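Peer 1: Let me give you the structure first, and then I'll get to my questions.
The values are calculated or read from the model by the stated rules, or taken from the named source; none is laboratory data. What you see is a predicted model; the values in this text were computed from it and never measured. Methodologically, a virtual Cβ is constructed for each residue, glycine included, from the backbone with ideal geometry; neighbour enumeration extends over all protein chains shown. Accessible surface is based on the protein model in full, side chains and every heavy atom, while ligands, DNA and RNA are left aside. Shrake-Rupley method; radii C 1.70, N 1.55, O 1.52, S 1.80 Å.
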Amino acid sequence: AQTVTQSQPEMSVQEAETVTLSCTYDTSESDYYLFWYKQPPSRQMILVIRQEAYKQQNATENRFSVNFQKAAKSFSLKISDSQLGDAAMYFCAYSRIQGAQKLVFGQGTRLTINP
Amino acid sequence: NAGVTQTPKFQVLKTGQSMTLQCAQDMNHEYMSWYRQDPGMGLRLIHYSVGAGITDQGEVPNGYNVSRSTTEDFPLRLLSAAPSQTSVYFCASSPTVWERGYTFGSGTRLTVV
């Protein structure tokens with residue numbers, strides 16, 4: 001079974017600085033998707049960024065980028081120029097490509113932004 | 001607004017009571033699923049559906065039942081509520097173009113006393 005591990009329960013960063021959230025996963029599949037979701041205090045789950053395993057290039061979305069290391073099964077999220085609105089729980093998630101599209105989530109990392 | 005609508009947002013049940021959490025989406029998505037969120041455990045899959053009339057179990061299905069009679073609706077039934085089912089429940093939907101990922105509802109906070 002696939003597993004996703006986020007080893008940092010909490011992180012904090014100064015406003016305007018850069019922070020990296022870690023995620024590792026375990027799978028025997030060669031093709032799959034990886035996601036980062038943001039959950040602010042409103043409880044809404046918001047997709048931040050996605051990565052297809054067969055793509056070598058790291059995904060980027062504005063201030064958010066990933067460092068995808070397929071051999072190491074690592075998928076970290078970098079947030080540049082941190083803003084107060086980035087404060088939230090962040091979840092890393094994995095999904096197979098074939099078969100039913102089920103997400104396997106990590107435990108989450110709570111990110112605090114210090115003004 | 002297009003999206004996933006969950007009702008109710010909050011609910012308190014007594015042990016042994018049954019109830020149905022409602023989920024509806026208006027995006028014509030084929031895939032729908034239910035997750036529960038517990039502190040320190042992320043979100044775990046309860047049940048999912050790949051289309052009307054087709055459902056299957058996820059990681060933690062015990063004590064829950066689902067049905068999918070229409071594309072739009074995917075209700076989650078708690079058969080006999082237990083304190084261990086105290087959690088936040090999320091419904092999510094996705095088109096068959098999976099790379100777009102799931103769209104989540106706003107969640108239901110359920111407390112069983």
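Peer 1: Tell me, which residue of segment A:18-32 that is hydroxyl-bearing (Ser, Thr, Tyr) and closer than 17 Å to A:Thr5 by Cβ is nearest to the chain's Cα centre (by Cα)? Break it down stepwise before answering.
Peer 2: Within segment A:18-32, the first condition is being hydroxyl-bearing (Ser, Thr, Tyr), and the residues that meet it are A:18, A:20, A:22, A:24-25, A:27-28, A:30, A:32.
With the extra rule that they be closer than 17 Å to A:Thr5 by Cβ, the set shrinks to A:20, A:22, A:24-25, A:27-28, A:32.
Working: A:Thr20: 10, A:Ser22: 7, A:Thr24: 10, A:Tyr25: 11, A:Thr27: 16, A:Ser28: 20, A:Tyr32: 14 Å.
Looking at residues that are hydroxyl-bearing (Ser, Thr, Tyr) and closer than 17 Å to A:Thr5 by Cβ, I get A:Ser22.
Peer 1: Quick one: what pairs do we get from segment A:25-52, first residue without any contact (Cβ under 8 Å) to a residue 60 or more places away in the chain, second of a type in the set (Lys, Arg) and surrounded by 19 or more Cβ atoms within 10 Å (Cβ to Cβ), C-beta under 7 Å, 6+ apart or different chains?
Peer 2: A:Ile46/A:Lys38; A:Val48/A:Lys38
Peer 1: Also, quick follow-up: Pick out the one residue from A:Arg96, A:Arg63, A:Arg50 that is more than 11 Å from the chain's Cα centre (by Cα) and under 26 Å from B:Asp56 (Cα atoms).
Peer 2: A:Arg96
Peer 1: Restricting to segment B:24-68, name every residue that is open to solvent by 20 Å² or more (accessible area, probe 1.4 Å) and basic (Lys, Arg).
Peer 2: Those that are open to solvent by 20 Å² or more (accessible area, probe 1.4 Å) and basic (Lys, Arg): B:Arg36, B:Arg44.
Peer 1: I need the full set of residues from segment A:7-45 which are within 8 Å of chain B (Cβ to nearest Cβ), surrounded by 14 or more Cβ atoms within 10 Å (Cβ to Cβ) and not in a strand (DSSP E or B), in order please.
Peer 2: A:Arg43, A:Gln44, A:Met45
Peer 1: Can you tell me which condition A:Tyr33 does not meet? The list is (1) of a type outside the set (Lys, Arg); (2) over 17 Å from A:Pro9 (Cβ atoms); (3) out of contact with any helix residue (DSSP H, G or I) (no Cβ under 8 Å at 6 or more places or on another chain), and all the others hold.
Peer 2: (3)
Peer 1: Taking into account only those residues within segment A:98-110 that are in a strand (DSSP E or B) and crowded, with 21+ Cβ neighbours inside 10 Å, which is farthest from the other protein chains (Cβ to nearest Cβ)?
Peer 2: A:Thr109
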